[in-house]
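The values are calculated or read from the model by the stated rules, or taken from the named source; none is laboratory data. Please read these numbers as outputs of a predicted model, since none were measured by experiment. Cβ atoms come from the backbone with ideal geometry, glycine included; neighbour counts cover every protein chain shown. The accessibility values were calculated without ligands, DNA or RNA, using every heavy atom of the protein model including side chains. Shrake-Rupley method; radii C 1.70, N 1.55, O 1.52, S 1.80 Å.
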Amino acid sequence: MNNEENEFLGWGDSFIAEESSFTLLPAGEYPFKVVGFERKIYDGNSDKIQNGTPYAEIEMEFTGAEGTTKVFDRLYMVKKWQWKLTQFFTGIGQAPVIGQPFSPNWGAVVGSQGRAKLAINKYTSSKTGKENKNNQIDEYLAPTANTGVVSQPQQPVQPTQPQQGGFQPGAF
């Protein structure tokens, strides 16, 4: 997280007036860049997640025609959600092999890029009781040739010696 954004303001300090920079993107597929990653321990109130569960909080920037927005996702370090860890790391190009042990390179997460399906999440604010919307990750998508997340295609190997009989491959 950006420490400057979390800097305290004093009661007597002035501040820079800003409009909300929140942008809600329509549901769909978008490119993202990981801009933040923190290791945390869950201490909430859930029937699905046990207190003390380690998780990674991933901060991503998504860009669409409407603008750029930040989306946070939690990757819980529990066996029943290994599928989501696999999906995320595949999506950012670390590509675990299904059925094989995988050790993620957590140090390479920030700066990674990928694509994901975003959904619109509707919720009621616990502070105001007002219904709000935000984007959440529906699915991380595996890289394809169109996403720009895969490695460069290999160039065909050119023969180093001329073929006998004057035949040149591809010279028809």
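Table for the structure above
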item: Filtered residue count, the stretch 70-89, keeping only those that are open to solvent by less than 90 Å² (accessible area, probe 1.4 Å) and in a helix (DSSP H, G or I); result: 7
item: PRO26 being surrounded by 10 or more Cβ atoms within 10 Å (Cβ to Cβ) and in a loop (DSSP other than H, G, I, E, B); result: yes
item: PRO96 being part of a loop (DSSP other than H, G, I, E, B), modelled with pLDDT of 95 or more, out of contact with any strand residue (DSSP E or B) (no Cβ under 7 Å at 6 or more places or on another chain) and more than 12 Å from ILE137 (Cβ to Cβ); result: no
item: Selection within the stretch 102-142 - of a type in the set (Phe, Trp, Tyr) and in a strand (DSSP E or B); result: TYR123, TYR140
item: Check on ASN146, modelled with pLDDT of 50 or more, open to solvent by 60 Å² or more (accessible area, probe 1.4 Å) and out of contact with any Ser or Thr (no Cβ under 7 Å at 6 or more places or on another chain); result: yes
item: One residue from GLU4, GLU38, GLU29 being at pLDDT below 85, out of contact with any Gly (no Cβ under 9 Å at 6 or more places or on another chain) and of a type in the set (Asp, Glu); result: GLU4
item: Tabulated pairs, the stretch 123-134, first over 14 Å from PHE22 (Cβ atoms), second part of a loop (DSSP other than H, G, I, E, B) and open to solvent by less than 90 Å² (accessible area, probe 1.4 Å), C-beta under 8 angstrom, 6+ apart or interchain; result: GLU131/SER125
item: Among the residues listed as PHE15, PHE102, the single one being over 20 Å from the mean Cα position of the chain (by Cα), more than 25 Å from LYS133 (Cβ to Cβ) and open to solvent by 50 Å² or more (accessible area, probe 1.4 Å); result: PHE15
item: Which listed residue is among the polar types (S, T, N, Q), within 25 Å of LYS133 (Cβ to Cβ) and touching a residue at least 40 places away in the same chain (Cβ under 8 Å), from THR90, THR69; result: THR69
item: Some residue of the stretch 111-127 being charged (D, E, K, R) and either in contact with a Lys or Arg (Cβ under 7 Å, 6 or more places away or on another chain) or open to solvent by less than 40 Å² (accessible area, probe 1.4 Å) (or both); result: yes
item: Scope the stretch 34-48; condition under 25 Å from LEU141 (Cα atoms) and surrounded by fewer than 16 Cβ atoms within 10 Å (Cβ to Cβ); matching residues; result: VAL35, GLY36, GLU38, ARG39, LYS40, LYS48
